[in-house]
Amino acid sequence: MALVIENVSKRFQSKNKEITVLEKINLEVQKREFICILGPSGCGKSTLLNIIAGLEKPTEGKVFLNGREVLSPGPDRVVMFQESALFPWLKVIDNVEFGMKIRGVPKKERHERALKYLKMVHLTKFKDVYVHQLSGGMKQRVALARALTLDSEVLLMDEPFAALDSQTKNILLLELQRIWWETKKTIIFVTHNVEEAVLLADKVVVMSSNPGKIKKVFEIKLARPRLLDNPDIVYMISAIMKELKDEVEKIAKAEYDSDWSFEKDTVLYSSDSSLGIGL
Ligand SMILES: Nc1ncnc2c1ncn2[C@@H]1O[C@H](COP(=O)(O)OP(=O)(O)OP(=O)(O)O)[C@@H](O)[C@H]1O
């Protein structure tokens, strides 16, 4: 077992009151597993990812990686965020080498490793281009290459494709399936997009909100590469959507007028299987 999340709860102090964001989260992740954490906005997905990364501390409970308690960020876990956090004034190659430079990897080795991972994300010919000249999808591929060079056992991805158009996103979803296969990393990927989760994951962890809890875990035992026109994929997407119906309804009822209903206002599920506007 690579990663064990044991009874993790998280409470924040907000305007003189305490809010419980996560309640008794228990999850076991095998080495080299691809896990997607799926749930509506505000259910605590990023908070859970930050706790695994060691960027936040749980109020209760513990996280273990290979038997060692996670108490702070470490080289065995790398986080990739929605916004690529690259340096626009540096060239692609220098951005990819940056993390290794901070960790003191010798110059020759970091250059070789940067080229290896730039090749993996098909950006070798852009290595000397400045990041500000790249499209959003290319920037995320640079960020992915940079994360991979750090050679961590676990890659934590917080909605890395959320800001991309759907065509670019679809290409990257295929790319990521291949890269995960080649690098055999343990990946924990946060999303509120059901399609993304089913295409990528060995297990989809569906969360409910207020407070954030694990509602159900779906095992996706379908061959890769997975494509959206596969009937088995379509079936899984619809099964997970059904599971999320109550969740979406709960949030919508709190935020919409009383005449709102799931059946009437299905616009809340957007056409790309995200959990709808603002959810
Ligand atoms: N440092 C903090 N202090 C107070 N409240 C916080 C803090 N961090 C997160 N929260 C609250 O915790 C809740 C869960 O936030 P979180 O970002 O983990 O949810 P999420 O499921 O990732 O949402 P989204 O999909 O919108 O990114 C939200 O209500 C948020 O306002």
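State which residue is farthest from the ligand (Cβ to nearest atom) when the search covers only segment 1-20 and only residues that are part of a strand (DSSP E or B) and within 18 Å of the chain's Cα centre (by Cα). Per the stated criteria, the residue is Val4.
Against the numbered list (1) crowded, with 19+ Cβ neighbours inside 10 Å; (2) within 16 Å of the ligand (Cβ to nearest atom); (3) of a type in the set (S, T, N, Q), Asn210 comes up short only at (1).
Exactly one residue among Ile214, Ile220, Ile240 is of a type outside the set (D, E, K, R) and either more than 21 Å from Cys43 (Cβ to Cβ) or without any contact (Cβ under 8 Å) to a residue 60 or more places away in the chain (or both), and that residue is Ile220.
Of Ala223, Ala163, Ala254, all but one fail to be more than 28 Å from Pro75 (Cα to Cα), surrounded by fewer than 18 Cβ atoms within 10 Å (Cβ to Cβ) and within 16 Å of the ligand (Cβ to nearest atom); the exception is Ala254. Within segment 38-78, the set of residues being among the aliphatic types (A, V, I, L, M), more than 13 Å from the ligand (Cβ to nearest atom) and either buried (at least 18 other Cβ atoms within 10 Å of the Cβ) or in a helix (DSSP H, G or I) (or both) comprises Val63, Leu65, Val70, Val78.
If you go through segment 135-158 and pick out every residue that is surrounded by 20 or more Cβ atoms within 10 Å (Cβ to Cβ) and among the acidic types (Asp, Glu), you end up with 1. Quick check on Thr168: is it of a type in the set (Ser, Thr, Tyr), more than 16 Å from the ligand (Cβ to nearest atom) and closer than 21 Å to Gln82 by Cα? So Thr168 passes the test. Looking only at segment 8-40, which residues are on the phi > 0 side of the Ramachandran plot and without any contact (Cβ under 8 Å) to a residue 60 or more places away in the chain? Scanning segment 8-40 gives Lys15, Asn16. Close contacts from segment 159-184, counting a first residue that is on the phi > 0 side of the Ramachandran plot and a second that is of a type outside the set (A, V, I, L, M, F, W, C) and surrounded by fewer than 19 Cβ atoms within 10 Å (Cβ to Cβ), with Cβ to Cβ under 7 Å and a gap of 6+ residues or different chains, come to Glu159/Gln82; Lys184/Arg32.
Thr168 meets each of the listed conditions (1) outside any helix (DSSP H, G or I); (2) surrounded by fewer than 23 Cβ atoms within 10 Å (Cβ to Cβ); (3) touching a Gly at 6+ places or on another chain (Cβ under 6 Å) apart from (1). Here Phe126 passes the criteria (1) over 23 Å from the mean Cα position of the chain (by Cα); (2) surrounded by 20 or more Cβ atoms within 10 Å (Cβ to Cβ); (3) among the hydrophobic types (A, V, I, L, M, F, W, C) except the one numbered (2).
Bear in mind these aren't lab numbers, they're just calculated from the coordinates by the rules spelled out. Values in this document were obtained by computation on a predicted structure and should not be read as measured data. No Cβ is skipped: glycine too gets one built from the backbone with ideal geometry, and neighbour counts run over all protein chains shown.
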